[in-house]
Every structure is written in C-alpha cells, then in structure tokens.
1. Please tell me if GLY132 is free of Cβ contacts under 8 Å to residues at least 24 places away in the same chain, within 31 Å of the chain's Cα centre (by Cα) and either within 25 Å of ALA323 (Cα to Cα) or surrounded by fewer than 13 Cβ atoms within 10 Å (Cβ to Cβ) (or both).
2. If you go through region 283-298 one residue at a time, do you hit one that is surrounded by fewer than 16 Cβ atoms within 10 Å (Cβ to Cβ) and either within 20 Å of LEU175 (Cβ to Cβ) or of a type in the set (S, T, N, Q) (or both)?
3. Suppose the filter is buried (at least 20 other Cβ atoms within 10 Å of the Cβ), assigned to a loop (DSSP other than H, G, I, E, B) and in contact (Cβ under 8 Å) with a residue 60 or more places away in the chain; does GLY173 pass it?
4. Residue check: is ALA233 outside any loop (DSSP other than H, G, I, E, B), of a type in the set (A, V, I, L, M), under 25 Å from CYS136 (Cα atoms) and at pLDDT 95 or above?
5. Suppose we filter region 205-222 for residues that are over 39 Å from the mean Cα position of the chain (by Cα), part of a helix (DSSP H, G or I) and in contact (Cβ under 8 Å) with a residue 12 or more places away in the chain; how many remain?
Amino acid sequence: MSKENMRRNIVEKKNNGSPNSTRDKEKLSSTQNLLSKHLKKVYPVGIHKTSSLLSLSSLSLTLSHNSSGSFTDSSSTLEQTISSALQLIAPSPTRSPSSSPTPARRDSPAAKTSTHGLVPQPSLDPSIGEDGLRRCNWITKNSDKLYVQFHDECWGVPVYDDNQLFELLSLCGMLMDYNWTEILKRKNLFREAFAGFEPNIVAKMGEDEIMEIASNKDIMLAESRVRSIVENARCILKIAKAHGSFSGYMWGSVNYKPTINRCRHSRNVPLRTPKAEAISKDLLKHGFRLVGPVIVYSFMQAAGMSIDHLVDCFRFSECVNLAERPWRHV
C-alpha cells in the first residue's frame with residue numbers, strides 16, 4: 001500500500017470514528033431525549049431552573065457524564081435515572097423535628113347523641129298542618145292564614161241568617177274575578193262598602209254610591225259587579241216578602257237538609273251539580289245576577305248546604321254533626 005493510501009485511511013477513520021463509538025453516541029442521545037420528554041411531562045414547559053440551580057439540559061448531561069459511559073435498554077436503569085433526576089429537581093420538603101402528624105378528627109359525643117323522640121319530625125303529608133290536623137288537600141302549608149281560617153271555621157257550616165247568606169252569595173260572585181284568598185283579604189272593606197251586607201240598606205243605594213264603591217282602588221270591584229250586588233239585594237227583599245225569608249227560600253230548595261258528599265279525593269268534589277243548576281235557573285228568573293251553576297254551588301258549599309270536606313279532613317265530622325241537626329231559621 002502506498003503512503004498516500006495509508007494517509008487517506010487514517011483521515012477517514014478520524015472523521016467517521018469507530019463503529020462502537022457511534023452506537024454509544026446514538027444510545028446516549030436516545031436516552032437523553034427520553035429523559036427530557038419524561039421531565040417535560042412532570043414539570044411545565046418554560047421552567048429552566050430548579051431549586052438545585054440546574055437546568056433540564058445541564059441535568060441530563062451531568063447524569064450522562066456520571067454514568068459508566070453507556071446506558072442499557074433495561075427499564076430498571078431508566079427508572080433509577082429518572083428518580084435521581086426528580087430528586088435533584090424537586091427535593092422533598094424537610095419536616096421540623098417538633099412537628100407531629102395531625103391527629104384524626106373524631107366526632108364529638110354530642111354529634112353521636114340520638115335525637116330520636118326529642119325533635120319532632122315534619123310530616124311528609126302536605127295536608128297535615130303544623131298543628132297536626134289533617135285538612136282538605138287543597139289547604140297546604142303555603143296557604144294563606146285567612147284562607148285556612150275560612151276553611152276551619154266557616155266553609156261547610158250551615159248558615160241561616162239572611163244577611164250572612166247575602167254576604168256569601170256576593171263573595172262567591174266575586175270568584176269570577178278573584179280567588180278566595182284575595183276576596184277574604186278585602187272582606188272587611190266589602191262589608192264597610194256594602195253596609196255589612198244589610199239587604200235593606202244595599203237595595204237603596206243610588207248611582208252616586210255605586211260609582212263611589214266602583215272607584216275605590218282598595219276594593220278593586222268593577223262597576224258591573226257593584227250593580228249586580230245592589231240588584232241582588234233588591235231581589236232578596238222581594239223573595240223575603242213572598243216566602244218569609246231568603247234563608248227559608250234557599251234552604252227549602254234542598255229540603256232543609258244539607259247534602260253530605262263523602263269524597264276522598266279533591267278530584268271527586270264537583271264544580272256544579274244538577275241541584276245547583278236548578279237553583280241557578282230559579283234565581284235568574286227572580287232577577288238575580290252572577291248566579292251561574294258554578295257560583296251557586298260555591299255558595300252552597302260555603303253556606304253549608306253541601307258538605308264537601310274530604311272524609312279524612314278533621315272538619316268533615318264536625319260539619320256533618322252540624323248538618324244533621326234539625327233545620328232552624330234565625
């Protein structure tokens with residue numbers, strides 16, 4: 001071999017390096033890339049310094065120089081390397097000797113004390129009030145107190161007084177525009193405006209008095225409703241003159257005995273009945289206004305001519321006892 005060829009081979013070996021050193025460099029490079037990728041998953045990108053004042057790149061190089069010069073492909077060696085890197089980057093916080101583990105929290109004896117039998121549990125039945133009385137299921141815990149009082153004391157109680165019957169008939173006519181709660185809240189205003197529902201006084205009301213009541217913003221009663229009440233008062237006087245009393249005339253239409261309906265559910269309570277339709281037609285013939293079958297039946301319920309408390313309501317038996325007494329006219 002000539003000297004030139006020998007010199008050329010030496011230069012090529014220096015440039016290319018030995019095959020073994022090339023493989024070592026490839027293993028080292030791949031291991032560094034794997035370590036760098038793992039560290040990027042653990043720590044956010046952009047953090048270049050840690051508590052050990054070493055960047056991720058310098059840390060990986062330091063580990064490579066401290067190794068034996070080559071990395072094996074086994075998973076155990078790689079895990080040890082990563083563990084060492086994490087310890088350098090994020091050393092575990094030191095605990096002071098005086099610190100002690102926080103004792104487990106225990107429930108106080110008062111929390112374990114049973115209150116069974118001491119604290120009354122609210123009833124899940126909405127028809128049972130706070131006083132423990134079961135009412136018709138349209139009376140709920142959200143019902144207005146005036147409405148509950150009306151249910152407990154008035155609704156279904158037989159009424160025989162002409163003035164009271166006139167008042168109930170007038171209030172039931174207002175159900176065309178309002179509900180019972182709204183009517184009961186203004187009942188005292190109605191009594192004041194209509195002279196306590198005295199038929200003799202209301203029947204004599206003139207145009208000025210009618211317009212004054214209709215313009216009262218507290219009462220909020222339309223002019224047509226006011227005129228209907230005044231006209232009904234005049235009709236009551238005519239019936240009382242012909243039949244002795246308005247009470248006797250109305251109770252005579254039900255044979256002087258209330259109808260007792262034994263309904264278990266509110267859906268079974270009727271809105272109108274054939275008897276109410278017959279009374280409605282008769283009142284219309286006498287010139288009454290606002291006396292449709294539904295209004296008439298509401299009047300019969302309120303005046304105790306029809307007992308429609310549900311059978312499990314505490315007022316059912318009380319109203320039945322009142323209804324079974326002999327008819328009396330006051």
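1. Criteria met by GLY132.
2. Filtering region 283-298 for residues surrounded by fewer than 16 Cβ atoms within 10 Å (Cβ to Cβ) gives 284-287.
In the following step, the residues that additionally are either within 20 Å of LEU175 (Cβ to Cβ) or of a type in the set (S, T, N, Q) (or both) were identified as 284.
Within region 283-298 (the criterion being surrounded by fewer than 16 Cβ atoms within 10 Å (Cβ to Cβ) and either within 20 Å of LEU175 (Cβ to Cβ) or of a type in the set (S, T, N, Q) (or both)), the answer is yes, since at least one residue qualifies.
3. No; evaluated as a whole, the condition is false for this residue.
4. Answer is no for this residue.
5. As a first pass, look at region 205-222 and keep what is over 39 Å from the mean Cα position of the chain (by Cα): 205-213.
Checking the rest, the ones that are also part of a helix (DSSP H, G or I) come to 207-213.
When the remaining residues are screened for being in contact (Cβ under 8 Å) with a residue 12 or more places away in the chain, the result is 210-211, 213.
Number satisfying all stated conditions: 3.
Every residue, every condition in (1) in a helix (DSSP H, G or I); (2) without any contact (Cβ under 8 Å) to a residue 40 or more places away in the chain; (3) over 21 Å from VAL157 (Cα atoms), yes or no:
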{"position": "LEU237", "(1), (2), (3)": "yes, yes, yes"}
{"position": "GLY248", "(1), (2), (3)": "yes, no, no"}
{"position": "PRO270", "(1), (2), (3)": "no, yes, no"}
{"position": "GLY287", "(1), (2), (3)": "no, no, yes"}
{"position": "SER298", "(1), (2), (3)": "yes, no, no"}
{"position": "ASP312", "(1), (2), (3)": "no, no, no"}
{"position": "CYS319", "(1), (2), (3)": "yes, no, no"}
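The values are calculated or read from the model by the stated rules, or taken from the named source; none is laboratory data. Being a predicted model, the structure only gives us computed values, none of them experimental. All Cβ positions, glycine included, derive from the backbone under ideal geometry; neighbour counts span all protein chains shown.
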